[in-house]
Amino acid sequence: MSERPKYYMTTAIAYTSGKPHIGNTYEIVLADAIARYKRSKGYDVFFQTGTDEHGQKIELKAEEAGITPKEYVDRVAGEIRRIWDLMNTSYDKFIRTTDEEHEKQVQKIFKKLYDKGDIYKGHYEGMYCTPCESFFTESQLVDGKCPDCGREVQPAKEEAYFFKMSKYADRLIEHINTHPEFIQPVSRKNEMMNNFLLPGLQDLCVSRTSFTWGIPVDFDPKHVVYVWLDALTNYITGIGYDCGGEGTEQFRKDWPADLHLIGKDIIRFHTIYWPIFLMALDLPLPKQIFGHPWLLQGDGKMSKSKGNVLYADELVDFFGVDAVRYFVLHEMPFDNDGVITWELMVERMNSDLANTLGNLVNRTVSMTNKYFGGTVTDKGVAATEEDTAVDADLKAVTENTPKAVDAKMENLRVADAITEIFNLFKRCNKYIDETMPWALAKDEAQKERLETVLYNLIESIKAGAVMIEPFMPETSGKILGQLGDGKVTEKPEILFARLDIEEVMKKVEELHPPVKEEAGKDGETAAQKTEDAVIDIEAKPEITFEEFGKMQFQVGEIIACEEVKKSKKLLCSQVKVGSQVKQIVSGIKAHYKPEDMVGKKVMVLVNLKPAKLAGVLSEGMLLCAEDADGNLALMTPEKEMPAGAEIC
């Protein structure tokens, strides 16, 4: 008997600066779905997650709270683990970077790399962003602020140890080129190669002296190990790596990792710094690093400062664990950012969960009890050619769906895999409409046909319930429990109750009352000023309806955005319009950051003649409104509309 193949997977460890929002929680749910799926396929899965607990940001937050950094991270790590457990995630280990064994190994790793000559002492001078724990040169700043988070930066100079990144750059480039599966999706690979590796790597700061909350460099204790060398090594210390020794049996079995699942915002650290650290330690590289997109709240990335944060436990109170799991997994595209709102959650709850799935199970159990006392067998009766055809089609969909799901999951297309399963449930609902069991029940001569129909339904729903387990484990168990083994339950359990959107939004407002806007010096709020303000502009010549009809306006979705390097005003956006992606250059850099553009639905003039702006091709125009002070606002649809929808 052969041993089960191993599968070692990790999430990024969550930073203990505060309670994780639903965008952070998405990652652990996604990882759990993959882990459960792999287990169902016979893999020996080890699934690790945890918390990143050192750094200046933690030290400052603890000081503000009037407690020690250890007390602060203990509290937040407990909250993170509570949320992970609430979401029914099946991790095998929860590592903390304050764990004694991890800290010991980080010190040994630092010393080994220093003795090897890969780490040297120097000085660092630059602009420092405390929230991101990163140094930047003046040229890297955007409008004088951090290019990653947009916050203020402060000049800093300190003695530090540095890692010689360039020593291993060519080797990493070769590995990426010869292992196309290493960085996924492909867009992330292209970004790392073109923006970081090919232009040349700078040496990396790997120690700090301006704060003390970190792992001390044991041979130079005024230094603490900088966050990324500390945090990234959890993937090996958590499974028993011993720097200078053989390590545990588990480390020898599980390393290299089969999958590092991370957010796209930390792809650089995992696909450049981490592989180079491993090369320096003479360890094999992980097999795959997947940088998943963000889950956006409404029209932007979740941010406490923006007041647009949703938390998993709040959503669970409204919808239940499996409904939240379904939403975040199903609504997140493979490569582009997903969107979550209360309204969308209610819509999916009612249409997909309560109607497509819940009503299907309820009707099937009820009819089986009503017509056959809860027990049916396969009579194999098809009275007509049409009966034979619909039965065969249902069975074909049931048999083919597992293959389709496997194909999607092989490429980590989790949302697509769920869609395949729900297509089976939709086919079951269609089968009910085609066979009309209630009509068959009126004719005693059709009793065996009716029993065949219900048997087919039960078997297909069971197959779907088994496949849905990695994504909605509680729901899977409830469905299989109701359908039973030979006999359905006497009374169907409502899996998902329909919700009234107005009632939900009323409760949401009570939970999160709108912030009362303060009046300015003249007594007017900004909203009042906006409402009262009008602008008259110089009229342009009239055009005919025929002339207007030549212009093609469509809804576009911005899937990527970056600054135009040769310009102080321009942003270059990749805009999805239907099945096409257009590159559009806009003079809106003073009003929007590139990261805030991604995920927006916008109004696009798509048939504008292409032109080059600052040497960059632009294939359309994003429409904006402008006030008297020159402030711009992108024109966006009032309701959720698909990319490509015509504006008329």
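Readers should treat all values here as calculations from the given coordinates under stated rules, not as data from a laboratory. Note that the structure is predicted; figures quoted are calculated from it, not measured. So basically every Cβ, Gly included, is an ideal-geometry build from the backbone, and we count neighbours across all protein chains shown.
Under 16 Å of direct C-alpha separation, and excluding same-chain neighbours fewer than eight residues apart, residue 582 reaches these lysines: 600, 601, 609, 612. With angles folded into 0 to 90 degrees, how steeply does helix 321-330 sit against the dominant principal axis of the chain? Use alpha carbons for both and round to 10. Long axis of 321-330 versus the principal axis of the chain: about 70 degrees.
Listed by chain and number, the aspartates and glutamates whose C-alpha is less than 18 Å from the C-alpha of residue 379, apart from same-chain residues fewer than 8 away, are 387, 391, 393, 443, 444, 448, 451, 459, 485. With viscosity 1.002 mPa s and temperature 20 °C, the Kirkwood radius over alpha carbon pairs of the chain converts through Stokes-Einstein to a diffusion coefficient of 76 µm²/s. By its C-alpha gyration tensor, with a ≥ b ≥ c as the square roots of the eigenvalues, how is segment 607-648 shaped: rounded for a/c under 1.5, else prolate for a/b larger than b/c, else oblate? It comes out oblate by the Cα gyration axes.
I'd like the antiparallel share, as a percent to the nearest 5, of DSSP beta bridges with both residues in segment 240-370. Mind dumping the intermediate values first?
Working: 1 of 8 bridges.
Bridges in segment 240-370 are about 10 percent antiparallel.
Of 328, 602, the sequence from fewest to most neighbouring Cβ atoms within 10 angstrom is 602, 328. Which of 121/164; 145/568; 38/253; 61/222 have a Cα-Cα distance over 19 Å? Among 121/164; 145/568; 38/253; 61/222, the Cα-Cα distance tops 19 Å for 61/222.
With both partners inside the chain, how many of the DSSP beta bridges are antiparallel, as a percent to the nearest 5? Walk me through the numbers before you get to the answer.
Values: 48 of 71 bridges.
That works out to approximately 70 percent antiparallel.
Please say if segment 126-266 is rounded, prolate or oblate, where rounded means a/c under 1.5 for a ≥ b ≥ c the square roots of the C-alpha gyration tensor eigenvalues, and otherwise the choice is prolate for a/b larger than b/c and oblate otherwise? Judged from the Cα gyration tensor, segment 126-266 comes out oblate (a/c at least 1.5, b/c at or above a/b). Panel order for 179, 123, 21, by other beta carbons found within 10 Å of each beta carbon, from fewest to most: 123, 179, 21.
Remark: the Cα gyration tensor places segment 341-483 in the prolate category, a/c being 1.5 or greater and a/b exceeding b/c. Bridge orientation summary for segment 545-647: considering DSSP beta bridges with both residues in this region, about 100 percent are antiparallel.
Spatially, segment 147-189 and segment 332-383 are offset by 46 Å when compared through their Cα centroids.
Output the pairs from 112/167; 167/189; 408/430 with a Cα-Cα distance over 22 Å in this structure; if there are none, say none. The partial results should precede the final answer.
Working: 112/167 16 Å; 167/189 20 Å; 408/430 24 Å.
Exceeds cut-off: 408/430.
With coordinates expressed along the principal axes, the C-alpha atoms belonging to segment 545-647 extend over 36, 29, 27 Å, beginning with the largest. Restricting the calculation to alpha carbons of segment 379-457 gives Rg and Dmax of 15.1, 50 angstrom. Cross-link partners for residue 93 among the aspartates and glutamates, with Cα-Cα distance under 13 Å and sequence neighbours closer than 8 places in the same chain left out: 32, 85.
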